[in-house]
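Input: a single structure, listed below in structure tokens.
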Amino acid sequence: MARTRLYRDGKLIAEDFPAAEVSDHLEDPSSVVWLDLCLEHGDKLETVSEELNLHPLAVEDAVQPHERPKLDRYEHHLFLSAYKTGVDRGTGEIALIEVAAFVTRQALVTVRKSEQFRMDPVLQRWDASPDLAKHGVGFLLHGLVDYIVDSHFEAVQVLDDGIEGLQDLLFEERPPDHQVQRRSFELRRSLVLLRRVVLPMREVVNTLMRRDLHVVDEGMALYFQDVYDHVLRATEWTESLRDLVATILETNLTLQGNRMNSVMKKVTSWAAIIAVPTAVTGFYGQNVRFPGFGQWSGFVTSVIIMAGLSGGLYYIFRRHDWL
């Protein structure tokens, strides 16, 4: 069933009355009505659209999935489309939950695409500030938008924590390169999705604050300004995290290159050390006579040469931190 609320003169008068009574309550200029519909439960918009004179294009956008966050202005109402966000702390995967809203002078109609968008936290915000109910639809709209923006902020915070963990993983003594790369791409993908819903909210909230729309009065202006500040912070934070993930990927590649160079230095150093006894034994293995050929002194001389040159190379390489 559709959820409803009736405010009159800034006071909550009734709840959960039939949606068909909305138009009757709106005949009183002092009344403000909230109506919530969930398409997942089979709620229809036809009756509401006729009673509130909603534009067919706005109704179509409210029903269609995957609309971009926006605020459209029609003759008799405003249409808001936005997304609540959630993040899996384990994987960093973003979940986008869509909601639409029709805003008139006396009514706020929320249309949820899924039950995952819960209205209880919004109602708690309304009930926590009953003194603001006198500001009408602007008060109801603030609770909804503030809840959406706070979910964006929480998502950015979770992704920030994930990136900090990734930085710690990056500089471990033996970092798992495959895990770092996979985790980096997962976080970057989540940030791209988050940016798609966070960035347009800046324009949405800024437009709601326009005086010619007559939605936000002087009493609610400061509250919407606070929401706008949160939108700006979430947007800037998202952009900085995207740059940080890109930096982590570049740093990981650089560290991989440095580790490869270190390995190559060690391999080359040991190859040079091993080459000395190989060369000496190869020389003494010539099939011609030379000083010390077939004598004990020749063997001793070759051993001294091999040990001296190999030890000298080992000392030089260790001194230059090649081994």
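Just so it is clear, none of the values below were taken in a lab; they were calculated from the coordinates. All figures in this text were calculated on a predicted structure; none of them were measured in a lab. All Cβ positions, even for glycine, are placed from backbone atoms using ideal geometry, and neighbour counts span all protein chains on display.
Things worth noting here:
- Only one of (i) 24.7; (ii) 19.4; (iii) 27.0 was calculated from the structure for Kirkwood radius over Cα pairs in Å, and its label is (i).
- Within the stretch 155-260, GluC sites (Glu not before Pro) in DSSP loop having at most 14 other beta-carbon neighbours inside 10 Å: Glu172, Glu173
- FRET efficiency, Asp127 to Leu57 (Cβ-Cβ, R0 35 Å, nearest 0.05): 0.55
- Helix axis angle, 218-284 relative to the chain longest principal axis, alpha carbon, degrees: 10
- In the stretch 13-91, the chymotrypsin sites (Phe, Trp or Tyr not before Pro) that fall in loop regions by DSSP, at most 16 other Cβ within 10 Å: Tyr74
- When you filter the trypsin sites (Lys or Arg not before Pro) in the stretch 42-119 for DSSP loop state and at most 16 other Cβ atoms inside 10 Å of their Cβ, you are left with Lys44, Arg89, Arg105, Arg118.
- You can think of it this way: the chain between Arg68 and Glu40 has 8.1 nm of extra reach, that is 0.36 nm per residue less the Cα-Cα gap.
- The angle between the Cα long axis of helix 177-208 and the main principal axis of the chain comes to about 30°, on a 0 to 90 degree scale.
- Here Glu15 and Leu253 are evaluated by their C-beta separation; at R0 = 51 Å the FRET efficiency comes out at 0.30.
- Degrees separating the helix 296-319 axis from the principal Cα axis of the chain, which is the longest one: 30
- Residues considered: Leu249, Leu52, Leu313. Largest GNM mean-square fluctuation over the chain, using C-alpha springs under 10 Å, is found at Leu313.
- Each residue, Asn206 and Leu232, gets one label point 7 Å from its Cα in the Cβ direction; the gap between the two is 1.0 nm.
- Pairwise Lys count, the chain - Cα closer than 17 Å, eight or more residues apart or different chains: 5
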